[in-house]
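First the structure, in the form of C-alpha cells, and then the observations on it.
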Amino acid sequence: MSRRIFSAAFFYWNCQNSTFPRCFSRLSTSYPIRYTCPVTQSQALAIMKTGVNVYLTGSAGSGKTHTLRQYIAWLNEHDIPVAITASTGIAATHMNGQTIHGWAGIGIHEYLDDFALEQLEQKQYLWKRFEKARVLIIDEVSMLHAHRLDMVERVCRRFKRNDLPFGGLQVILSGDFFQLPPVTKSGAVSARQAQPAAPQTELFIDYDSGEAMSEPEEIMSDMVIHSKSWKMMKPAICYLTEQHRQEDDAFLEILNAMRTNTIDDTHTALIKGRLDASVSAALPTKLYTHNVDVDSINYAELEKLDGESKEFVMSGRGSDMIIEALKKSCLAPETLRLKTGAEVMFIKNNYEEGYFNGTRGVIKGFDYRGEPIVEIYSSGKRITASAMEWQVEDNGKVKASITQYPLRLAWAITIHKSQGMSLDSAEIDLSKTFAYGMGYVALSRVRTLSGIRLVGFDPKALQMDPVVLALDDKLQADSDENEALFGKLPPEEQEKLENDFILRMGGKIFVDPAVSSRTGSGIHAGRKSTASPEWIEKMEKIREEYPNAGKPWQDEEDYVLMQKFKEGIAIPELANLLGRKPGSINLRLISHGLVEPDADTKAFLDRQKAAKAAKPAKAKKAKKK
C-alpha cells in the first residue's frame, strides 16, 4: 500500500525535477494522473510538505486560508522562500501577500509575446524575486483566468531558466470553483492567450483526459483547471470538508444543498424568511452585486456625517483614449468625496506606508495640506494618504497616467470584494445577481442565518454553475477514492519526503537535541524535520512582540528598510514597523552597507564567519573517520 502512495508522490515530484531519485526509479508510475489527498487540514498540510504541487479546495469556511498560513509558517521555519499571491488585491490582503499579476510582472497584459518577456527581463527586481522564490502560492484561483495562469507559468520558466512547469517552483493553488468566476467586462467567456493563428479550442484542456477539447460547444468556462498549466503541473487535489465558519446547522445544510444542486422549497423558504429581518449587529456590512448600488449607499452614508466634505479630483496626462481606459479599469473614483468619520478602503498597494489593496479604515481628519488621515482597523495605525499614480507603459515609456488618492468609500462593498471575508452579520441584496456563485459567496460570508438581512431576493441567486457541479463530483470522488491511501503512509517515509523537499529547496532541517543525543552525529543527525519544542516556544514568545522574527527577509521589506533608514527613522522604530528585533534590523543594515558594525557586532560577525568556514573542514574530518 505505501509503495503505491510513494510511487504517486514521486510521480508528482518528477513533474518539477528531471529524474526520479535513484532508489525509487524502479517503482511503478502507473498511478492515476489525478492524485488526491485526504480531507483534513493536517493531512493536506502533510502532502504539501512533500513538495508536490497542490490544489487546495473545499467549501467556504473549510479552513483553506488557515491551512495555507500553517504551510507558510512551516516554510518560514525551514528558511524556504515563499511567494504569497492571490488572484485579486483584496484576496491578497487576507494572506499578507500581493496579486499574482503584480508578483509575476504581467500587470494587465492579456498576452505575452517574446518582446514583452524581454521587456520584463529588463527589470532587476523581478530577477531578484524569481531567484529567491522556491514555492509559489496563489489563493482564490476561481477568479483567475486560465490564460493568465499560463502567462505566469511562462514567466516563471523564463526567469528561472528552467523548462520544468513553473520553472521548478512548487505551486500551491487554493480556491473553490463554486465561488466567483474570473471577471470579464462583457460577462462573456474571456479570450484566452493564444498565438495569433492558433484556434481558441486548442487551449481548453479536459480535466479527465488531459487532452484539448475539440468541439466549440464544449468550451464552457475560463477556469484555471482548463489551462495548459494545470495539465503540466498535475496538482494533487486536497478537498477539505471540515467547517470552521458556519455555527448554524440549518444554515450549513442550505449552503451544502447549493453545492450539491439539491436546494428544495424548504431551503428557499428559510432564505426568503430573512427578507427585511432584523439582525443583532447595529451596523451590518452591506453586500451588493453592482457598483452603482454600492456607490449610492456610500454617498448616502457620507451625507449623514457632520462637517464639510472634501473633494479630490483625479488628474490625467497623456493619450486621452488611454486615460479613459485607465479610468474604467481603475477602482479610484474620478471625484473622491471624504469627511471625518468616513469608512474607506485602500485600493492600491504601498508597502512603505503599510497598506494594501483592500485595507479598511476610517478617516480621522485631514493634515495641514488637506490630505486625509486614515486609521487602519486591523492595526490602529494612522496613515496620511498621499495621491498615487496609475500608469500605462509601452517600451519603457509612460503613454498615459492618472493620479488620485488611493481610497474608496466602504460602508457598502460589492459581493466580489467580499470573497474571503467572515462576517457576523450582513445586509445583502440578492435580487440582481448576474453570475453563478454570487449568491453562494454572499450568503457563505456570514456565520449564522440569523445574521443575514435580505433587502432583495431572486431564487436564481441560489443556482450554481452546472459545469462546476459536474467538476466538483469528480474532485470529491477522487478525494474519497484516495483518502485511505495517503493516511497509511508510514511516518518515516513521510519524514524522508519532507526532508528531501527541504534540502532540494535549500532550506534548513532543525535537529531535535533529544533525538541527536540518542542517535549521535551519524546518519540520524539532521534528520528531524521539525524544530525542538524549546525552540518553537522561544520563537512564539519572541513573535508576540516581533511577528516576523526569524523569517526570511522579503524584497518589499528590504525596500522599506532602506527607504525609511535613509529618511532618518531610528532602529527601534524600524523594528516596530517591520516586526523584527532591533538586532536583526541592525545586522540587515550592516549587510546592505548602510551602517558600520561596532566592536561587539564585528566580533559576532567574525565568529559567524569562522564557524561557517569550519563546517566543511569538520565534515571532511568526520568523513575520514
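The values are calculated or read from the model by the stated rules, or taken from the named source; none is laboratory data. This one's a predicted model, so the numbers in the text were calculated from it and none came from an experiment. All Cβ positions, even for glycine, are placed from backbone atoms using ideal geometry, and neighbour counts span all protein chains on display. Ligands, DNA and RNA are stripped out before the accessible areas are found, and what is left, the full protein with its side chains, is counted by its heavy atoms. Shrake-Rupley method; radii C 1.70, N 1.55, O 1.52, S 1.80 Å.
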Would you confirm, using the coordinates I've provided, whether Ile33 is assigned to a loop (DSSP other than H, G, I, E, B), aliphatic (A, V, I, L, M), more than 20 Å from Glu493 (Cα to Cα) and at pLDDT below 50? yes
Looking at region 318-348, which of the residues that are hydrophobic (A, V, I, L, M, F, W, C) and closer than 17 Å to Tyr377 by Cα is surrounded by the most Cβ atoms within 10 Å (Cβ to Cβ)? Phe346
Odd one out for Phe457 among (1) open to solvent by less than 30 Å² (accessible area, probe 1.4 Å); (2) touching a strand residue (DSSP E or B) at 6+ places or on another chain (Cβ under 9 Å); (3) of a type in the set (Phe, Trp, Tyr): (1)
For region 265-309, give me each residue that is among the aromatic types (Phe, Trp, Tyr) and under 31 Å from the mean Cα position of the chain (by Cα). Tyr288
Neighbours by Cβ (under 9 Å, 6+ apart or cross-chain): first from region 294-308, under 14 Å from Val344 (Cα atoms); second loosely packed, with under 15 Cβ neighbours inside 10 Å and polar (S, T, N, Q): Leu302/Ser309
Please go through region 246-259 and give me each residue that is open to solvent by 50 Å² or more (accessible area, probe 1.4 Å) and without any contact (Cβ under 8 Å) to a residue 24 or more places away in the chain, ordered by number. Asp249, Glu253
For region 270-293, which residues satisfy the criterion of being in a loop (DSSP other than H, G, I, E, B), open to solvent by 100 Å² or more (accessible area, probe 1.4 Å) and either without any contact (Cβ under 8 Å) to a residue 60 or more places away in the chain or small (Gly, Ala, Ser) (or both)? Ser280, Ala282, Leu283
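What number of residues within region 496-509 satisfy the criterion of being of a type outside the set (Lys, Arg), in contact (Cβ under 8 Å) with a residue 12 or more places away in the chain and open to solvent by 50 Å² or more (accessible area, probe 1.4 Å)?
Within region 496-509, the subset of a type outside the set (Lys, Arg) is 497-503, 505-507, 509.
Now restrict to residues that are in contact (Cβ under 8 Å) with a residue 12 or more places away in the chain: 497-502, 505-507, 509.
Add one more test, that the residue is open to solvent by 50 Å² or more (accessible area, probe 1.4 Å), and what stays is 506.
Final tally of qualifying residues: 1.
Just give me the residues in region 409-444 being polar (S, T, N, Q) and more than 15 Å from Asp458 (Cα to Cα), in sequence order. Show your work before the answer.
To start, the set of residues in region 409-444 that are polar (S, T, N, Q) comprises 414, 418-419, 422, 425, 431, 433, 444.
Correct list: Thr414, Ser418, Gln419, Ser422, Ser425, Ser444.
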Gly58 open to solvent by less than 40 Å² (accessible area, probe 1.4 Å) and either closer than 24 Å to Leu180 by Cβ or modelled with pLDDT under 50 (or both): yes
Of the conditions (1) in contact (Cβ under 8 Å) with a residue 60 or more places away in the chain; (2) in contact with a Leu (Cβ under 6 Å, 6 or more places away or on another chain), the single one that Lys474 does not satisfy is (2)
For Gly107, state whether it is under 22 Å from Met345 (Cβ atoms), touching a His at 6+ places or on another chain (Cβ under 7 Å) and open to solvent by 30 Å² or more (accessible area, probe 1.4 Å). yes
Is it the case that some residue within region 463-480 is within 26 Å of Trp411 (Cα to Cα) and in a helix (DSSP H, G or I)? no
Can you tell me which residue is modelled with the highest pLDDT among those in region 310-332 that are more than 30 Å from the chain's Cα centre (by Cα) and part of a loop (DSSP other than H, G, I, E, B)? Met314
Looking for whichever is open to solvent by 60 Å² or more (accessible area, probe 1.4 Å), farther than 30 Å from Lys496 by Cβ, at pLDDT 75 or above and under 33 Å from the mean Cα position of the chain (by Cα) here; the options are Glu544, Glu557, Glu596. Which one fits? Glu544
In a helix (DSSP H, G or I), in contact with a Ser or Thr (Cβ under 9 Å, 6 or more places away or on another chain) and either under 24 Å from Gly354 (Cβ atoms) or modelled with pLDDT under 75 (or both): does that describe Ile536? yes
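Results for (1) at pLDDT 95 or above; (2) hydrophobic (A, V, I, L, M, F, W, C), shown as yes or no for each residue.
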position	(1), (2)
Glu334	no, no
Leu338	yes, yes
Val344	no, yes
Phe356	no, yes
Ser379	no, no
Met388	no, yes
Tell me the residue from Val398, Val455, Val392 that is at pLDDT 90 or above, part of a strand (DSSP E or B) and over 30 Å from Gly365 (Cα atoms), please. Val455
Tell me, which helices (runs of 4 or more DSSP H) wholly within region 70-161 include 1 or more residues that are without any contact (Cβ under 8 Å) to a residue 40 or more places away in the chain? 100-104, 114-120, 124-132, 146-160
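Among the residues of region 412-441 satisfying the criterion of being in a helix (DSSP H, G or I) and aliphatic (A, V, I, L, M), which is surrounded by the most Cβ atoms within 10 Å (Cβ to Cβ)?
Initially, region 412-441 is screened for residues in a helix (DSSP H, G or I), giving 415-418, 438-441.
Filter once more, keeping what is aliphatic (A, V, I, L, M): 415, 438, 441.
Numbers: Ile415: 26, Met438: 24, Val441: 23.
Looking at the filtered set, the residue picked out is Ile415.
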In region 442-454, residues that are buried (at least 24 other Cβ atoms within 10 Å of the Cβ) and hydrophobic (A, V, I, L, M, F, W, C) total 4
Condition broken by Ile237, with the remaining ones in (1) modelled with pLDDT of 90 or more; (2) within 30 Å of the chain's Cα centre (by Cα); (3) of a type in the set (A, V, I, L, M, F, W, C); (4) not in a helix (DSSP H, G or I) satisfied: (1)
